[in-house]
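Peer 1: Have a look at this one.
The values are calculated or read from the model by the stated rules, or taken from the named source; none is laboratory data. Model, not experiment: these values are computed from the prediction. Neighbour counts run over all protein chains shown; Cβ positions are idealised from the backbone, glycine included. Heads up: the accessible areas ignore ligands, DNA and RNA and are worked out on the full protein's heavy atoms, side chains in. Shrake-Rupley method; radii C 1.70, N 1.55, O 1.52, S 1.80 Å.
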Amino acid sequence: MAAKIFVHGSGHKASSWNGVIAQMTDKEDIFCPELSSLLEGKEADYADLYSAFAKYCSKIQGPVHLCGISLGGILALNYALDFPKKVKTLVLIGTPYKIPKIAFGIQRVIFRLLLKSVFEEMAFNKRDTFVLGNSMKNLDFSDAVSKITCPALILCGEKDSANRKAADFLGRNMKNAELKIIEHTGHVVNEESPKILAKILSEYYVTAEKGDSSFENYPQ
């Protein structure tokens, strides 16, 4: 089976995937990069972060299964557009295809009120979180997502109202995409429903490795 790369969001670390991986039927060749470490001390500008992520993916031999949540999903989406032959399947969880400016602005206000210590549990420190946010505010893949042709699975928590429209859009506009809403779950699917997510991913990757891109019998 091709290597699987699980990419965390900005509010969490690589360890946020531990619960999912523990429940996977195939735990071999799963990689969970720590995004802050990929920067190797550089400022958390999106261009630098994406470049470091692309470099990380290129070091893994053969095609890869990319799975990302939130920021991790944006990076995975970006990479799939730039390196289509490298990506065997793409799983996007709670992933916006463009930065929602109103929600983004509200989030920045909230972040300014948080103590620096709060960011110790997040992907980046307080300063880098703002640097990253400022560098991402104009990202928009609206016109590009239709170019992705690899099998894709779009996941969104039922309670993740901020990303539900984006999930619907990706499901409609990506050629080989399937959309699945995970009940009783919010944005952080990998921590809120790790067992359910592990089951979905395990079954998805088995089907993908068999070369069945139609997913006609994929469990709903």
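Peer 1: Taking only the stretch 116-128 into account, find how many residues are open to solvent by 20 Å² or more (accessible area, probe 1.4 Å) and either closer than 19 Å to ILE99 by Cα or in a helix (DSSP H, G or I) (or both).
Peer 2: Residues meeting the conditions: 8.
Peer 1: Could you run through the stretch 23-33 and say how many residues are open to solvent by less than 60 Å² (accessible area, probe 1.4 Å) and either within 25 Å of PRO84 (Cα to Cα) or not in a loop (DSSP other than H, G, I, E, B) (or both)?
Peer 2: If we filter the stretch 23-33 for residues that are open to solvent by less than 60 Å² (accessible area, probe 1.4 Å), which is where we start, we get 24, 26, 30, 32-33.
Right, trim to either within 25 Å of PRO84 (Cα to Cα) or not in a loop (DSSP other than H, G, I, E, B) (or both) and you get 26, 30, 32-33.
Final tally of qualifying residues: 4.
Peer 1: Further question on the same structure: Does the stretch 126-156 hold any residues that are at pLDDT below 95 and charged (D, E, K, R), and which are they?
Peer 2: Those that are at pLDDT below 95 and charged (D, E, K, R): LYS126, ARG127, ASP128, LYS137.
Peer 1: Sort out which residues of the stretch 157-169 are assigned to a helix (DSSP H, G or I), more than 16 Å from GLY9 (Cβ to Cβ) and not hydroxyl-bearing (Ser, Thr, Tyr), and write them in order of number. Reasoning before the result, please.
Peer 2: First, the residues of the stretch 157-169 that are assigned to a helix (DSSP H, G or I): 161-169.
If we keep only those that are more than 16 Å from GLY9 (Cβ to Cβ) as well, we get 161, 164-165, 168-169.
Within the stretch 157-169, ARG164, LYS165, ASP168, PHE169 meet the criteria.
Peer 1: Follow-up question, since we're still on this one. Would you please name the residue that is farthest from VAL188 (Cα to Cα), looking only at residues in the stretch 116-144 that are within 18 Å of the chain's Cα centre (by Cα) and aliphatic (A, V, I, L, M)?
Peer 2: Checked the stretch 116-144; the qualifying residue farthest from VAL188 (Cα to Cα) is ALA144.
Peer 1: While we're on this one: Identify the residue in the stretch 145-161 that is more than 15 Å from the chain's Cα centre (by Cα) and small (Gly, Ala, Ser) and, among all such residues, is nearest to ALA2 (Cα to Cα).
Peer 2: Among residues in the stretch 145-161 that are more than 15 Å from the chain's Cα centre (by Cα) and small (Gly, Ala, Ser), the one nearest to ALA2 (Cα to Cα) is SER146.
Peer 1: Same structure again: Using beta carbons and a limit of 6 Å, which pairs, at least six apart or on different chains, have the first residue in the stretch 180-203 and under 14 Å from GLN23 (Cα atoms) and the second one among the hydroxyl-bearing types (Ser, Thr, Tyr) and part of a helix (DSSP H, G or I)?
Peer 2: ASN190/SER16; GLU191/SER16
Peer 1: Here's another thing I want to ask about it. Quick one: is ASP29 of a type in the set (D, E, K, R) and either on the phi > 0 side of the Ramachandran plot or without any contact (Cβ under 8 Å) to a residue 12 or more places away in the chain (or both)?
Peer 2: Values: of a type in the set (D, E, K, R): yes; either on the phi > 0 side of the Ramachandran plot or without any contact (Cβ under 8 Å) to a residue 12 or more places away in the chain (or both): yes.
For ASP29, the condition - of a type in the set (D, E, K, R) and either on the phi > 0 side of the Ramachandran plot or without any contact (Cβ under 8 Å) to a residue 12 or more places away in the chain (or both) - is met.
Yes/no per residue for (1) part of a helix (DSSP H, G or I); (2) of a type in the set (A, V, I, L, M):
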position	(1), (2)
SER10	no, no
SER16	yes, no
ILE21	yes, yes
LYS42	no, no
ALA47	yes, yes
LYS55	yes, no
GLN61	no, no
HIS65	no, no
ILE74	yes, yes
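Peer 1: Keeping to the stretch 170-214, report how many residues are modelled with pLDDT of 95 or more and either assigned to a strand (DSSP E or B) or among the charged types (D, E, K, R) (or both).
Peer 2: Matching residues across the stretch 170-214 total 13.
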